[in-house]
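Undergrad: Quick one: structure below, then a few questions.
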Amino acid sequence: AAGCATALELAKRGLSVTLVERDSIGSHASGFAYGGLFATTGTGIPGPLLPVARRGVEMHRKLAPELAESTGIDVELRERDTLDVALTDDELSALLKEAEWQRQEGFRVTELDAQEVLDYEPSLTPNIVGGVLQEDHYELDSYRYTLALATTFEKSGGTIRHGSVAGLEASGGTVNGVRLTSNEVVAAGAVVIATGPWAGGDEISGLAGLPVTPLKGE
């Protein structure tokens, strides 16, 4: 998804872009990950990444209809409530603290007592002491999203070719292309590394080790 989105934005700006895909679009992490878009959660939130996360959600809201119009693919972007529950007073205190800063930032968040939580979701354990309902979360279908990005990229003049990257080509300390396992070299004025969970591997010669480790489900 990151590679296709980057390629699309570059193509929109008039650059000649070739995207090298090892297998098929969305056949790995991008096509199977849960497409949650939660501006209120994650490392650096609240903090320096909160404005970035909020802007990202707004960009998705604008992009979804554009992708549908361009490709006919509905990425199924939709609002989705999130119910966080607490089983202890300490957990509830932590949730309420989170709710406070979210409310100050303008997010829709509601504090619920135990009975209100069970009224909202009766299948939960009666041992719950309370919870928080967040209403500004979104989700989309990750496979449809990635496929729509790739399709729009091609419609914008981009090229998708299949192959595995074996190494980076460089001259004078500047990367100027990628070498495929077939030994063909794809020349480029700039190279974007968007290999996701595999970015920390040693498959690509000439690429410094990156601190990226794949996690099951992510």
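The values are calculated or read from the model by the stated rules, or taken from the named source; none is laboratory data. Bear in mind that the values here come from a model prediction, so they are computed numbers and not experimental data. Here the Cβ is made from the backbone with ideal geometry for all residues, glycine too, and neighbour counts use every protein chain on show. Just the protein is used for accessible areas: all its heavy atoms, side chains included, with ligands, DNA and RNA removed. Shrake-Rupley method; radii C 1.70, N 1.55, O 1.52, S 1.80 Å.
Undergrad: Determine, yes or no, whether GLY173 is out of contact with any helix residue (DSSP H, G or I) (no Cβ under 6 Å at 6 or more places or on another chain), open to solvent by less than 20 Å² (accessible area, probe 1.4 Å) and over 30 Å from GLU91 (Cα atoms). Explain how you work it out, then say what you get.
TA: Numbers: out of contact with any helix residue (DSSP H, G or I) (no Cβ under 6 Å at 6 or more places or on another chain): yes; open to solvent by less than 20 Å² (accessible area, probe 1.4 Å): no; over 30 Å from GLU91 (Cα atoms): yes.
It is false that GLY173 is out of contact with any helix residue (DSSP H, G or I) (no Cβ under 6 Å at 6 or more places or on another chain), open to solvent by less than 20 Å² (accessible area, probe 1.4 Å) and over 30 Å from GLU91 (Cα atoms).
Undergrad: Something else now. Here is a list of conditions, (1) under 27 Å from LEU50 (Cβ atoms); (2) without any contact (Cβ under 8 Å) to a residue 12 or more places away in the chain; (3) open to solvent by 60 Å² or more (accessible area, probe 1.4 Å), and ALA94 meets all of them except one; can you say which number that is?
TA: Against the list (1) under 27 Å from LEU50 (Cβ atoms); (2) without any contact (Cβ under 8 Å) to a residue 12 or more places away in the chain; (3) open to solvent by 60 Å² or more (accessible area, probe 1.4 Å), ALA94 comes up short only on (3).
Undergrad: Right, next: Across segment 62-87, what is the number of residues that are in a strand (DSSP E or B) and either free of Cβ contacts under 8 Å to residues at least 24 places away in the same chain or open to solvent by less than 70 Å² (accessible area, probe 1.4 Å) (or both)? Full working, then the answer.
TA: Pass one, segment 62-87, residues in a strand (DSSP E or B): 78-79, 82-86.
Within this subset, residues satisfying the condition of being either free of Cβ contacts under 8 Å to residues at least 24 places away in the same chain or open to solvent by less than 70 Å² (accessible area, probe 1.4 Å) (or both) are 82-86.
Number satisfying all stated conditions: 5.
Undergrad: Let me ask something else about it. Scan THR195, THR174 and give me the residue that is among the polar types (S, T, N, Q) and under 18 Å from the mean Cα position of the chain (by Cα). Please lay out each step first, then the result.
TA: Values: THR174 fails: under 18 Å from the mean Cα position of the chain (by Cα).
That would be THR195, the only listed residue that is among the polar types (S, T, N, Q) and under 18 Å from the mean Cα position of the chain (by Cα).
Undergrad: Condition first: in contact (Cβ under 8 Å) with a residue 40 or more places away in the chain and open to solvent by 90 Å² or more (accessible area, probe 1.4 Å). Now tell me which residues in segment 37-61 satisfy that. Can you show your working first?
TA: At the first step, the residues of segment 37-61 found to be in contact (Cβ under 8 Å) with a residue 40 or more places away in the chain are 37-40, 46, 50, 57, 60-61.
Passing the criteria: only ARG61.
Undergrad: Kindly provide the set of residues from segment 117-159 that are open to solvent by less than 60 Å² (accessible area, probe 1.4 Å), over 30 Å from ARG13 (Cβ atoms) and among the charged types (D, E, K, R), ordered by number.
TA: Of everything in segment 117-159, those that are open to solvent by less than 60 Å² (accessible area, probe 1.4 Å), over 30 Å from ARG13 (Cβ atoms) and among the charged types (D, E, K, R) turn out to be GLU135, ASP136.
Undergrad: Could you tell me which residue of segment 176-189 is farthest from ARG22 (Cα to Cα), considering only residues that are hydrophobic (A, V, I, L, M, F, W, C) and open to solvent by 70 Å² or more (accessible area, probe 1.4 Å)?
TA: Going through segment 176-189, the residues hydrophobic (A, V, I, L, M, F, W, C) turn out to be 178, 180, 185-188.
In the following step, the residues that additionally are open to solvent by 70 Å² or more (accessible area, probe 1.4 Å) were identified as 185, 187.
Values: VAL185: 15, ALA187: 17 Å.
So, considering only residues that are hydrophobic (A, V, I, L, M, F, W, C) and open to solvent by 70 Å² or more (accessible area, probe 1.4 Å), the one farthest from ARG22 (Cα to Cα) is ALA187.
Undergrad: So, one more: Just one of the numbered conditions (1) open to solvent by 20 Å² or more (accessible area, probe 1.4 Å); (2) polar (S, T, N, Q); (3) assigned to a helix (DSSP H, G or I) is not true of THR110; which one?
TA: Among (1) open to solvent by 20 Å² or more (accessible area, probe 1.4 Å); (2) polar (S, T, N, Q); (3) assigned to a helix (DSSP H, G or I), THR110 violates only (3).
Undergrad: Tell me which of these HIS162 doesn't satisfy, since it passes every other one: (1) loosely packed, with under 13 Cβ neighbours inside 10 Å; (2) free of Cβ contacts under 8 Å to residues at least 60 places away in the same chain.
TA: Here HIS162 meets the rest and fails (2).
Undergrad: Here is a further query. Going through segment 97-107 one residue at a time, which ones are assigned to a helix (DSSP H, G or I), in contact with a strand residue (DSSP E or B) (Cβ under 9 Å, 6 or more places away or on another chain) and open to solvent by less than 80 Å² (accessible area, probe 1.4 Å)?
TA: GLU98, ALA99, GLN102
Undergrad: Any residue in segment 8-32 that's more than 10 Å from THR146 (Cα to Cα) and open to solvent by 40 Å² or more (accessible area, probe 1.4 Å): show its pairings with residues that are modelled with pLDDT under 95 and among the aromatic types (Phe, Trp, Tyr) at Cβ separation under 9 Å, as long as the two are six or more apart or on different chains.
TA: Sorted first by the residue in segment 8-32, then by its partner, the pairs are ARG22/TRP198; HIS28/TRP198.
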